[in-house]
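The values are calculated or read from the model by the stated rules, or taken from the named source; none is laboratory data. Note that the structure is predicted; figures quoted are calculated from it, not measured. Because the Cβ atoms are built from the backbone with ideal geometry, glycine has one as well, and the counts that use them run over all protein chains shown.
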Amino acid sequence: MSIDVLKTIGDTLEARREASPQSSYVASLFHKGEDAILKKVAEEAAETLMASKDKDKLHLVREVADLWFHSMVLLTYHGLRAEDVLMELKRREGISGIDEKASRTPTA
């Protein structure tokens, strides 16, 4: 089910990428540009942290869903999809977090 949901959302996001900003919330975000999308991701991340502190599991799940959704909007903005993230997670499977982080090349 999870991959199907992510694929369906990804397909919808791609369709909205070039849509009129008046046609949907997502289309309006794409129209506003990367800074608006980044602001929304940051806002949802903060709300996720606050929901965790509230100790309300349903609230936390809903905020994480918002964060994931807006992260998918950001991925779509860059021509990427949730499947790209899933492939990266699969690549990391079985690798210790310490080893994985050490294998990354530092950026200048």
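Number of residues in the range 70-108 that are part of a loop (DSSP other than H, G, I, E, B), of a type in the set (Gly, Ala, Ser) and at pLDDT below 95: the value is 3. The set of residues in the range 16-63 that are closer than 19 Å to Arg81 by Cβ and among the aliphatic types (A, V, I, L, M) comprises Ala19, Val26, Ala27, Leu29, Ile37, Leu38, Val41.
For the range 28-39, check the following and say yes or no: at least one residue is surrounded by 13 or more Cβ atoms within 10 Å (Cβ to Cβ), in a helix (DSSP H, G or I), of a type in the set (Asp, Glu) and modelled with pLDDT of 95 or more. The answer is no; no qualifying residue exists. Considering only the range 51-69, I want to know if a residue exists there that is modelled with pLDDT of 95 or more, closer than 15 Å to Gly10 by Cβ and surrounded by 14 or more Cβ atoms within 10 Å (Cβ to Cβ). Yes, the range 51-69 has at least one match. Could we say that Ala46 is within 19 Å of Leu6 (Cβ to Cβ) and out of contact with any helix residue (DSSP H, G or I) (no Cβ under 8 Å at 6 or more places or on another chain) here? Criteria not met by Ala46. Residues considered: Glu34, Glu14. Of these, the only one that is of a type outside the set (Lys, Arg), in contact (Cβ under 8 Å) with a residue 60 or more places away in the chain and out of contact with any strand residue (DSSP E or B) (no Cβ under 7 Å at 6 or more places or on another chain) is Glu14.
Residue selection: Leu13 fails the criterion of being farther than 16 Å from Arg81 by Cβ and either modelled with pLDDT under 95 or not aromatic (Phe, Trp, Tyr) (or both). May I ask you to verify whether Arg81 is without any contact (Cβ under 8 Å) to a residue 24 or more places away in the chain and not acidic (Asp, Glu)? In short, no.
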